[in-house]
Structure formats: C-alpha cells, structure tokens
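One structure is given below, encoded as structure tokens.
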Amino acid sequence: MRHEVIVGVERRRRWRDDEKQAILEEVGVNGATVTDVARRHDITRQHIYQWRRALRRKGHGAGSDRTVFLPLPPLTSDEAPDEPVATPAPEVDIFLRNGRRLRCARDLPTASLHHLIRALETV
C-alpha cells in the first residue's frame, strides 16, 4: 500500500486582472527582477511570464493605448551633454522584442538610448 504525504499548504489563488497588472508593474522598479517580484508575492516566475503574455493578448499590456511614463536613472557627469541641445523631430523607429516601439532622434546619445531601451525591455 502506498501513502502520500503532502508537506506544505496546497492552495489555488485567483488573481484579478488589475492585481496581475499591479504585480507586473513592479518588475523593473528600483531594479526589481521577475524573481524578486515573484518571491515577494509568493508566486512562481512562470506566473509573471504567463500573466504578461495573457494581459498583452487582452490589450492590457505593452501593446495597449495606455501611456506609461517610466523613470530613468539620472545621467552621470560623463554622459551629460555640456550644453543643452535642441531636440530635432523623431527620425528613428526601434522595434523592441517585447512588441514596443521606441521613436527617437537620430542623434540621441548612445548612453541615453541604452537607458531607454533597458527601461522599456524590463517593463
């Protein structure tokens, strides 16, 4: 005869879309990784990836019309331009892996472009 011992609590939680969205928005804030956020909410990393994909399909994710402003880290003294430069009209479109599009000036400094891409890829 075989016996099964269950260690720990088995539970099935239900998450509303707004709760999932709030958890997803924590990724990347102050350097928080998917692993950090998952651990904080006692879920698996796979939950976050599945939720991200499902909410995008529903139009609540990166492809939605909702405008989101992301905080950027301040430029260091070696990255900051010496004098203010007039920003020309956007000339370059960059399509990121997560489906987002970044439109920027052709002469945007490489360091600034790197910060923008990293910020958009982590959310």
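What follows draws every value from the coordinates through simple rules; no lab data is involved. Everything quoted here is computed from the prediction, not taken from an experiment. Reconstructed Cβ throughout: ideal geometry from the backbone, glycine too, with neighbour counts over all protein chains shown.
Would you mind computing, in nm to one decimal, how far apart the modelled labels at ALA119 and THR33 are, each placed 7 Å from Cα along Cα→Cβ?
2.3 nm
Put a dot 7 Å past each Cα toward the Cβ at CYS104 and ASP18; how far apart are the dots in nm?
3.5 nm
Apply the Karplus parameterisation 6.51 cos²θ - 1.76 cosθ + 1.60, with θ equal to phi minus 60°, to every residue of region 16-28 and state each ³J(HN,Hα) to the nearest whole Hz, in sequence, with x for glycine and proline.
My calculation for region 16-28 gives 6, 4, 5, 5, 4, 4, 4, 5, 4, 6, 6, 5, x Hz in order.
THR33's amide H: which non-local residues (gap 5+, or another chain) put their own amide H closer than 5 Å, with H modeled 1.01 Å from N in plane and none for Pro or chain starts?
Sorted by chain and number, the residues that satisfy this are GLY28.
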